[in-house]
Structures are given as structure tokens and as C-alpha cells.
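To start, the structure under review is shown below, and the notes come after it.
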Amino acid sequence: TANHSHLCGSADVRPLMSQRSLPGTPVTHKHLPIDLRTSMDGKYKEIAEELLARSLTDSDMRCAPYEFPEESPIEQLEEKRHRLERQISQDVKLEPEILLRAKQDFMKIDSAADLEYLKDSHVDEVDLHHMETLVEKNFQRVSISGEEKCGVPFTDLVDAAKCVVKALFIREKYMALSLQTFYKTTGRSLQELSQRPPDIDAYEDLHESPVDSDMSVHAPVSETHPYEGQDMKNLPPDAGYSCKMVDGVIHVYTAQNPMDKSTELDLPYPDLQEYIADMNVMMALIINGPVKSFCYRRLQYLSSKFQMHVLLNEMKELAAQKKVPHRDFYNIRKVDTHIHASSCMNQKHLLRFIKSSMKKYPDEIVRMQGGRGQTMMEVFENMNLTAYDLSVDTLDMHADRNTFHRFDKFNSKYNPIGESILREIFIKTDNHIHGKYFGHIVKEVMSDLEESKYQNAELRLSIYGRSMDEWDKLALWAVSHSVYSDNVRWLVQIPRLFDVYRTKQQLSNFQQMLENIFLPLFEVTINPSSHPQLHLLLQHVVGFDSVDDESKPEHHVFNLDSPSPARWCDDDNPPYSYYLYYMYVNMTVLNHLRSRRRGFNTFVLRPHCGEAGPIHHLVSGFMLSENISHGLLLRKAPVLQYLYYLAQVGIAMSPLSNNSLFLSYHRNPLPEYLSRGLMVSLSTDDPLQFHFTKVSGGGARRSCLRTRFSLFSSFQSKSHWLGPDYTKEGPISNDIRRTNVPDIRVGYRYETLCEELHLITQAIRTQELDRIEEEDGLSFTSSQPTR
């Protein structure tokens, strides 16, 4: 876990302006457990500010410093290679049956000599302790031998390894501090490198109960509805604390008077100076030449290695899947980890619901206009429409080619028939009828999920931060309409629309928006009786999301000179990293209060990130978020893509959504990410706009693997769906009877990740040993008597 000596709780008058280091000096550098000094030390601030400034001005530059040029010979060769691979895949379909039988026979051959050689040659590369944990050892492996096998000189390898490890330490610190999850295998490698005692609790799922290996694959269903029959007098007692926001961060006090600093609770969070320093380090790393070359080569190697693995083991993997009775892609657990509640239904479902509502409730007053109520029938009469006139084409909610790179047109697709009135009536929680129709249609979607049995979803509900009572209205909607299902969990999305609210004079400064979002959460945590419905709702909320058009230009660089939230009164929107930092620190303080002081569930940060816009979005996401959605721009940043791989950061990708907004389907990097080993899952985003069909490709094993990854970042029934050992490492964590993923594929990914981690940690260890030997040699020479 992170060293808490550099964190403030904070008792200072200005808790965000730490004086522990000079401006521009990474606060984390002096706290790293090992020496990771590189040639860039002392230059992080200058390099990062130059890159951020260029991202504001050179929006049309042909090649950013963090990516490889698109017209470089390397890229041309890659394009030729992809075309050749596609041609080969077409030819394989026409392969004569005799060749196919020969290949199947070849796949059945296991060379004992090869396996023995593998065991001997991998002693230096993969710890034998971890090799012993592998269940499935009997598959063909590809190994590289010889010196400088990573393809770069040793000096460049050491420098690159130090930069990569430094970035991983930064992420590990922020994940541990906010009580989010850091990937266990990567964490173990960092612990071994720094020679720290293992902290198992940091990587365990605290909400899971152990289950037997033969336990049913179906999680227990709730016997009673969590919102019905609740006695509000039996809520947890009032803790007696008080809270107040100071410089954008909420502080909690044991006394009722928040002005008494001596009574402040120690709820740690990273101060602003530390975050900016770490951000500068990360920004400088992604444009470092040797690091960029090293990461690009490793990613290319991972792609090629996966192609070889498939060539050598695909028949064995297919045979393993065929041996499993009953289980296939259609009856394994799936979680849609990125789907918005307001568009969780498809167009046909919404059309059917609108028509039935017109027939059932024609005389119900659904909105107010000019001081008088309007009935459902009057609303449609004013539009000159009848139920017979409505069709999917009339609704006009499908995202087409006109929405490409036009987020404004995409948002207008949420309006049925182009009318915002119908959006307000049918897909809003806060309206004249208190979200009655929206609650009904969401419950119908939930019923469909329950009937299908194997499908689950994490629906996103919006909190805007315009007023303090938004949380109470949302909770009242969920509880009064009994909007709950065992197959659904909630995420709360915060749209980045401060500039819109400020222009309309709805907010005076950014801190007011933060108070509207987070103060009710602290109040209900301290005293659940103050917001009883909200207390019930939060038990089924798993985290926060940050949403909006990432391609909108940003006019401000987030640094120590940026205005504090209380002084941000401009009509300009704060940058993405500004939003994410203040969401993260308040969530971190809230998590410590809920977990350590109250014993309640905690939250994670899972923002939309890397769909478009500047690269610093992905840097902020890497540092602060447990998982992200989209991540398209990783394809242009090899250093970040390699870091996301090593840290196994979950990425929920939506190719059909991207196809209508930012990136055509055939260019989507999802298959490439998956082949390189990134933790990728497939999500729908907005079925209402995109749901015709989801064509993902990649075969049954890839589909099941993506599905398995979707389960890791969701719900509390993972032991039933993945198996009782899912928290362990390697193939032993996999239960093919539940996941339909072959142990061979899980073993390949685990071994490959271990080898990559070993490569960078071993380079640092070797350099450290060489330095120690040189120092010993110098001290020995200096101690020799002179004549």
C-alpha cells in the first residue's frame, strides 16, 4: 500500500498547498521504495507543461510527441502485415480437409523434451513458485533466448524499465489510497522489487463470501425487495460528525462545529501539489524516445506472440471447450459494464412502451405549461401525432452517419421524434410525474434481464450538481417505484457541464457544483436518517463516472497556478483532469469515512476516458481510475497502452458506439488490445441509439474471455460466476465449467504478463547489482595501500 507519510488529512489551514517539496519536484520521488532516477529527473515539469500547451494549440498537428508517425515505414509495414493476416484468415477457410486433419494431428503432439527445455530455460524468466501454480502446463509455448532479447540496448532497457516501474508505483499508490483495486500479479512484482512485506488485503475482494467449488453457478436471489417493508427507524445511528468543503475537498470533524480544526478526522487523500507532480512525471514519460520505442516493440512482440499461440494451441483450446457440458457463450454470465440507463432499452421497446402508455394513461397530467397541466393525449395532439403514426423511423433515435464527430447531433438523438418534451416525460427521473414512466420502462428492461438469467448490467444514472436535492430526488425515484433487480447495479455519472450551468447563472463557482454532488453523500454516511431513501440506494451503487464530449477543446492547463474550485467563476469549463482529480479526492475521503468509520460499501471511479480529446485524459485515468470506458486513444500512445496492459486496467469498449461517433468499425482497436493482453470487455453504451446487432468477431474463446473480464469489474457474485478461486493468479483462478474459457488461454495470458513484469524488474535489479559491484570495487581500490 501507499506510504501515508506524504498524505494530508488535513490539519493545515490550506491543506492543498503542501510545503514538503519545491514546486515541480515529484513528491512521490523521494518516497519510492527503490532508486528509479532517470535522465529526465528535474525536467518533468517543463516537459509536461510543454506537451500540455501543445495539446491546446496544435490540435491539427500531424503526429503528437507520444505516438508513432502514421506515415512512418513502421506503420506502412504494419498495414501490409495486417492486410496479409486478413488474407491468410480468408485462405484458412478454404483449407483442404486433408491439411486440416494434418494440423489437428500435429496439435495433439506434446514433446516431453520441449517441455523439459522450457522448464530449464524459464527458471530465470518466471519464478518457479508461480510456475507451480499453473494447472494447465501441457500446451505449446513460444520463448525468446539470447542477450538483449527485448530488441533495445541494455542502457535503454534500464531507463525504460525505471520509467515504467515508476508509473506503476504511482498508480498503485493512488489505488491503495482510495480503496480501489490494484491488479494482484502486478502488485506482487512491485512488492518483490521494493522488498516490501506483502499486503494481501490490498488486492482481495472485501465484499465476497467464500463458496464451495461445486456451489451453484447462480448467485442467491434476494428473498425480499430491498426497498419494500423497510423500517426507517432501524437505520444505522447518527455518528455525530460534521463536514465542510475546503478548497474543493470535504473535511469531516468529530465535533458539530466544523470550525474547530483539532477535531478533524484523519481521512487521507493526495494533496494538489502531489497530484500535479505525479501528473508531470507521467506526461514526461509518454514522450520519452527510448521509453516509447521500448513500449512499441514490446506491444508488437505481444501481438506476434499471441498469433503464434493461436497457431499452436487453437485446437487444444477448442477441444477443452467442447469437453465442458452445457456451457457455451450464450449461457455464461455476462455484465454490460458500460450502459446508460436513459438509453438501456432498444428503439422497438421504447416505441411499444410509448404506444401502450398513450392507451393506458391518456388523461394523466404529465407536464405543466403556462401554469396549467397537460395530459398525455394533449401532448401528442399538439404534435399532430397518434399512436398509429408512430414507428421506429418516426422516433428517429438511431445514431447514423450524421452523428460522426458531431456530439451535439448525437445528444439530440435522445429526444423521441426530435421533441425534448417526450424525453422529459419518458426518460427522465425528475419531472412532473416523478419519473413514473422511466421507472416502468427500466423495470421492464430489468425483467428481460432476469428472464434471460445470464445477462447483467451496470446502469448509469445522472447527477448534475446543479442543486443539493438531486440525490434525494433520484433516491425517491428508485425507492418509490421499486426500481431494483439482482441483475442490475448502478453507477452515477457526473456530466462535465459546469460551463453550461454557469452561463445560465445556476452556479456561482465550481466548488458549489462539488458541494451539490458530494455533501449529501457525506451527510447520509454520517447520519443515514437524514436521507433514508438515499441510504438504501447507495447500497446498490458501485461507483462514479465522468461523462461528456471529450473532443471539446480545453482552454486551460491544470497546474498549481489553476484557480481553486471556490475561485473558478469563469464561464470556461475546467479541464478533464481538474474534474477527475476533485471527483477522486472527495470519493477517497468518502470511502475512508464509509469503510473505516461506518462499515458501509465503498465506491470506485470508472470514467469515460480516451474516446477522443487530449492524451492527458488517459494519463489521469491511469492514475486515478480503477477501470475506464472506451480507451480508443491508447492505440496512438504506445507507452500508455503498455502501462494499461501491465497494470491490467479494465477497459469497457463499445465498437458500435465508436462507429457512429469517433472511429469507424474496421479501425477499432479492440481485437488488437485483446491479442496484446489488455483487459478488455465488450459493452453496448447506448442500445437505444446503436442496438441493431453487436458484431464483435474473434471466435468463441475471445468472446468468453471478454465476458470473463466484464465480471471482474462488477457486482458481488463473482465467486458464483467465476469460481471460488477467482482471486488467485493463473489458470488456478479459472473454472471452465463456469466461464467456458480454456485454462490454456488463461495460462498463456498469465505467463506472458509475468514474463513482461520480470523483464522490467530484472533489468532494474541487474543495474542495481552492477552499481553495487562498481561501488564495492571503487571502495576496495581506494582502500589499497599506496607505495
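Remarks
- Extension gain, Thr224 back to Glu147 (0.36 nm per residue minus Cα-Cα distance, nm): 21.4 nm
- Rolling a 1.4 angstrom probe over the range 262-361 with all protein chains present gives an accessible area of which 58% lies on carbon and sulfur atoms.
- Global geometry of the range 280-391, whether rounded, prolate or oblate, following the gyration tensor of its Cα atoms and the 1.5 cut on a/c: oblate
- Among the listed pairs Lys443/Lys552; Lys149/Lys292; Lys322/Lys443; Lys173/Lys728, those beyond 28 Å (Cα-Cα): Lys443/Lys552; Lys322/Lys443
- For the range 514-564, the carbon plus sulfur part of the accessible surface works out to 47%, probe radius 1.4 Å.
- The range 348-377 and the range 294-315 have their alpha-carbon centroids 56 Å apart.
- Note: relative contact order over the range 552-697, using C-alpha pairs below 8 Å and six or more positions apart, is 16 percent.
- Solvent-accessible area per residue in the range 270-387 equals 40 Å², computed with a 1.4 angstrom probe and all protein chains kept.
- With the simple spin-label model, which puts each label point 7 Å out from Cα in the Cβ direction, the Asp448 to Ser420 separation comes to 2.8 nm.
- Gyration tensor verdict on the range 412-563 (Cα atoms; rounded if a/c is under 1.5, prolate if a/b is larger than b/c, oblate otherwise): prolate
The values are calculated or read from the model by the stated rules, or taken from the named source; none is laboratory data. What you see is a predicted model; the values in this text were computed from it and never measured. Neighbour counts run over all protein chains shown; Cβ positions are idealised from the backbone, glycine included. Heads up: the accessible areas ignore ligands, DNA and RNA and are worked out on the full protein's heavy atoms, side chains in. Shrake-Rupley method; radii C 1.70, N 1.55, O 1.52, S 1.80 Å.
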